[in-house]
Amino acid sequence: MAVDVRWATTEDAEALATVLCEMAAHYRQSPLDHGRATAAARRWLGDESPAYPHFALAFAGREVAGFASVAIAHPGIDLERLMFLKDLFVRDSARNKGVGQALVSFLAGHCLDKGIGRIDLTTEDWNEGALRFYARLGAERHGQKIFLRLSKPALARIARA
């Protein structure tokens, strides 16, 4: 299957919304309203800086097949920027057809072109398919970090402090 990957633009809001809705269902989250997801995607894509695109979309033919959501972080102790891969999702109909590989290859090429030194990512410890996929790509497990989250209640409490 030929897969085309590119950075999403505001014209891709509906395609991004389609994948976001399917991802929510896949992970057994509350169903997303497609219209609301499209409006959110349009807003996000309109807000993005061209220097730091956040959504890569994969297409197989005319159909959206998957996406990657990323953020670029500025230097840490090594003075190199890094890309954080927040989400990588391939639609059920496009699984095991090279879409995930195409998305990560696209991101890796972007990193090399822009002098970004690495891609960091997380996945659930129970997601064996994702763990195998990333291992095949050469991802190394790092036990040095612990994943933490400040959710909305914590944000509200901290903001009032």
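Bear in mind that the values in this text are calculations on the coordinates, not laboratory data. Fair warning: this is a prediction, and the values are worked out from it, not measured in the lab. Note: ideal-geometry Cβ built from the backbone for every residue, glycine included; neighbour counts use all protein chains shown.
Odds and ends about this structure:
- Residue satisfying all of: in the stretch 83-103; without any contact (Cβ under 8 Å) to a residue 60 or more places away in the chain and surrounded by fewer than 18 Cβ atoms within 10 Å (Cβ to Cβ); nearest to THR10 (Cα to Cα) among these: LYS86
- Answer from HIS74, HIS54, HIS34 - the residue that is in contact with a Cys (Cβ under 7 Å, 6 or more places away or on another chain), at negative phi and not aliphatic (A, V, I, L, M): HIS34
- Residue tally, condition aliphatic (A, V, I, L, M), in a helix (DSSP H, G or I) and either under 14 Å from PHE89 (Cα atoms) or touching a residue at least 40 places away in the same chain (Cβ under 8 Å) (or both), over the stretch 1-60: 8
- Among residues of the stretch 115-160, those that are assigned to a loop (DSSP other than H, G, I, E, B) and under 24 Å from TYR27 (Cα atoms), counted: 14
- Flag if LEU112 is under 13 Å from the mean Cα position of the chain (by Cα) and part of a helix (DSSP H, G or I): no
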